[in-house]
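The values are calculated or read from the model by the stated rules, or taken from the named source; none is laboratory data. Computed from a predicted structure; not experimentally measured. Glycine gets a Cβ as well: all are built from the backbone with ideal geometry, and neighbour counts include every protein chain shown. In case anyone asks, the SASA skips ligands and DNA or RNA and just uses the protein heavy atoms, side chains included. Shrake-Rupley method; radii C 1.70, N 1.55, O 1.52, S 1.80 Å.
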Amino acid sequence: STFGKSGLDDFVERWEEPIFGWDEVQPALSLLAPLGRSMLRHTRSLLRAYQREGLLNANLAWREVHPGIIPLAGVEREVYDELQAYCAELASHMAANMEEGQQRAAIGFYLSFLRLRYSSSFHALRCSLERRLVKIQQTLDHKAQQLTNNDADREELEELGDEEVEGLILKHRTESDLTWEQGAVARLISTMDRLPTTPSKMQQLLKDIEKRRTNGTDRVRQLVLFTRYADTMNYLHDELRRLLPGCPIGTFSGAGGTLRRADEYHPESLDRTTIKQRFVDGNIDILLCTDAAAEGLNLQSADLLINFDLPWNPMMLEQRIGRIDRIGQHHEHIHVLNYLYQDSVEEVVYSRLVRRFREALTVSGELQFSLLPIQPEDFEDYAKAESEEGKID
């Protein structure tokens with residue numbers, strides 16, 4: 001039942017008495033909340049209760065989330081530090097002559113974008129920096145296309161393509177300013193030339209794949225890998241098909257799907273429905289996905305999902321994991337590996353994901369918590385959260 005006016009008055013009076021604890025108050029507040037009267041959620045605990053009562057006969061796997069914290073050292077640390085310095089100095093240059101509105105939002109979005117590209121893969125970052133150099137040169141040669149609409153808010157900005165955002169933050173720049181940035185980006189790319197052939201995050205992925213090899217062959221127990229960017233997916237695809245020639249590898253992205261069959265090198269282009277069916281049928285061992293696969297795709301034949309990079313939105317993380325964590329999962333236990341760099345801005349992203357997820361719990365009630373099983377304060381000792389405030393939120 002719900003509270004009427006008199007019931008609410010009685011509740012308020014009793015709330016003032018110290019005998020009430022939070023455990024007693026929370027159910028009543030849930031009844032009063034608008035969502036409590038209009039939304040029915042089948043939580044995992046409720047589904048397991050259905051199982052105990054014999055009302056749900058399909059398997060419901062137990063989820064285990066594992067951290068994949070990767071230390072930064074050597075040239076990888078140099079690249080990160082140089083990127084941070086470039087972002088800070090670029091923001092300073094832009095602040096001196098930046099227009100209000102869309103261009104101001106664009107610079108914050110672009111700097112966060114570069115850091116996320118770094119967190120995804122060095123290949124993704126390098127692709128962005130090389131494209132940036134081209135656009136700077138075009139601007140210096142007076143060939144760049146300029147956007148004129150300054151009225152869009154931040155939500156509209158995030159719908160813009162990378163090229164449009166970069167066009168915005170090249171407007172009204174002096175020649176000396178652009179020449180400085182051209183040199184800074186070129187030096188950063190030069191530092192990246194000294195990166196190891198196999199970066200530390202790729203080494204971690206290969207170790208995790210090695211644990212799943214079957215009978216000493218290139219075949220591995222099925223896994224799904226998610227990344228935010230197609231550039232990273234394509235890099236991983238190239239590396240894995242070179243290192244695991246006998247392993248069938250698929251891709252699933254907004255551009256469609258591909259399948260590299262065992263003992264072949266060149267992949268075949270297939271539609272995404274066919275890729276999904278080949279995976280469920282056991283004809284693909286490793287499926288590399290962008291977030292185009294994060295909704296409406298059933299991949300319950302796999303028991304491992306690797307997040308090669310973390311999305312900003314915790315709901316997107318749940319959608320990714322939901323591709324294998326489904327009613328009718330083939331395995332009793334499923335595992336989730338979340339990769340991220342220690343002592344980096346990615347830690348700030350993570351800590352804010354934790355905060356937002358907890359805020360969501362106050363509205364919607366029980367949810368599965370799929371971020372790293374550590375507390376935000378564990379990261380705050382390393383990350384410069386205060387200096388990054390406003391750049392990621």
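Points worth noting:
- When Thr274, Thr232, Thr174 are compared by accessible surface with a 1.4 Å probe, the order from highest to lowest is Thr174, Thr274, Thr232.
- Sorting Ser190, Ser301 by solvent-accessible area of protein heavy atoms yields Ser190, Ser301, largest first, with a 1.4 Å probe.
- One chain, two ends: Asp263 and Ala85. Fully extended at 0.36 nm per residue, the span grows by 59.6 nm beyond their Cα-Cα distance.
- Local electrostatic count, Thr179, Cβ distance below 15 Å [Lys/Arg +1, Asp/Glu -1]: -1
- Database remark: amide H of Leu72 closer than 5 angstrom to the amide H of Gln342 (H placed geometrically; neighbours at sequence offset of 5 or more, or on other chains; Pro and chain starts carry no H).
- Sorting the segments 260-271, 332-343 by their residues' average number of neighbouring beta-carbon atoms within 10 angstrom, most packed first, yields 332-343, 260-271.
- Ranking by accessible area, most exposed first, for Thr179, Thr290 with a 1.4 Å probe: Thr179, Thr290
- Inter-site label distance for Thr217 and His333 at 7 Å from Cα along Cβ, in nm: 2.6
- Whole-number percent relative contact order across region 235-341, with pairs defined as alpha carbons under 8 Å at least 6 apart: 22
- Rounded if a/c under 1.5, otherwise prolate or oblate - region 216-344, Cα gyration tensor axes: rounded
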